[in-house]
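Only one structure is covered here, and it is reproduced in the block below.
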Amino acid sequence: MLMQFRHPDRCIVGTVGEPGRRLFIIQVSQGSRIAAVAVEKQQAQLLGRRLTEILDQLVALGQPIPDAFEPRDMGPLDAPLAVDFRAGAIGLAWDSGRMSAQIELFPLDEDAQRDGTMVQIWLSPGRAREFAGRTERVVRAGRPACPVCQQPINESGHICPRSNGYRRQLFA
């Protein structure tokens with residue numbers, strides 16, 4: 001099942017659960033249609049970063065792209081929340097004909113892949129900036145990353161694999 005959102009009303013990254021146990025979700029809506037795709041934290045983080053890089057490159061080329069700004073939409077995910085699938089792969093491209101970013105979300109499940117299940121989203125430059133800014137803030141709201149190995153630090157502490165299992169003070 002192909003779900004296309006050519007002019008979404010809302011496209012956000014949000015989470016469900018407590019830091020350390022959060023489920024990251026890309027949720028998109030257009031009119032009465034809504035889709036929610038579960039993603040890994042790193043997938044969301046890389047998507048937001050890469051989207052920002054593409055927009056910044058277009059600015060450098062003289063394209064009329066808005067500068068980065070603080071996201072206005074920091075509201076919760078829309079309810080009721082029903083996850084359509086977990087993303088296995090994410091595609092990102094700039095559609096110069098539409099002057100928009102195109103995001104494609106492919107399922108992890110092989111049966112769903114064979115059925116043609118995917119979500120396609122086109123974001124205007126302003127919506128793409130909003131999406132990237134919100135994604136950065138949502139990712140930062142979780143557990144801090146270890147400055148050595150970049151893995152999350154739990155409240156109970158962290159044994160860094162790069163320190164051969166020795167526990168040491170990370171922050172003064």
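The values are calculated or read from the model by the stated rules, or taken from the named source; none is laboratory data. Since the structure is predicted, the reported quantities are computational estimates derived from the model, not experimental observations. Cβ: placed from backbone, ideal geometry, glycine included. Neighbour counts: every protein chain shown.
Things worth noting here:
- All conditions but one from (1) among the hydrophobic types (A, V, I, L, M, F, W, C); (2) modelled with pLDDT under 95; (3) over 18 Å from Gly14 (Cα atoms); (4) within 16 Å of the chain's Cα centre (by Cα) apply to Ala112; the one that does not is (4).
- The number of residues in the range 3-27 that are modelled with pLDDT under 95 and more than 25 Å from Arg140 (Cα to Cα) comes to 0.
- Scanning the range 136-163 for residues that are outside any loop (DSSP other than H, G, I, E, B) and either over 18 Å from Leu46 (Cα atoms) or aliphatic (A, V, I, L, M) (or both) returns Val138, Val139, Ala145, Asn154, Gly157, Pro161, Arg162, Ser163.
- When Thr52 is tested against (1) touching a residue at least 24 places away in the same chain (Cβ under 8 Å); (2) farther than 17 Å from Ile121 by Cα, just one condition goes unmet, and that condition is (2).
- Filter result for Val148 (at pLDDT below 95, crowded, with 16+ Cβ neighbours inside 10 Å and either in contact with a helix residue (DSSP H, G or I) (Cβ under 8 Å, 6 or more places away or on another chain) or among the hydrophobic types (A, V, I, L, M, F, W, C) (or both)): no
- Cβ-Cβ under 9 Å pairs, at least 6 apart or on other chains, the range 103-127 side farther than 25 Å from Leu58 by Cα, far side polar (S, T, N, Q): Phe106/Gln113; Phe106/Thr117; Pro107/Gln113; Pro107/Thr117; Asp109/Thr117; Asp111/Thr117
- Flag if Gly97 is more than 13 Å from Ile26 (Cβ to Cβ), in contact (Cβ under 8 Å) with a residue 24 or more places away in the chain and not basic (Lys, Arg): no
- Only one of the listed residues (Gln57, Gln43, Gln63, Gln30) is surrounded by 19 or more Cβ atoms within 10 Å (Cβ to Cβ) and either modelled with pLDDT under 95 or in the same structural domain as Phe131 (by TED's automatic domain parsing) (or both). That residue is Gln43.
- Any hit, the range 125-133, residues being surrounded by 14 or more Cβ atoms within 10 Å (Cβ to Cβ), modelled with pLDDT of 95 or more, over 14 Å from the mean Cα position of the chain (by Cα) and assigned by TED's automatic domain parsing to the domain that holds Ala36: yes
- Entry remark, the range 87-98: residues being within 20 Å of Gly48 (Cβ to Cβ) and over 16 Å from the mean Cα position of the chain (by Cα) number 2 in total.
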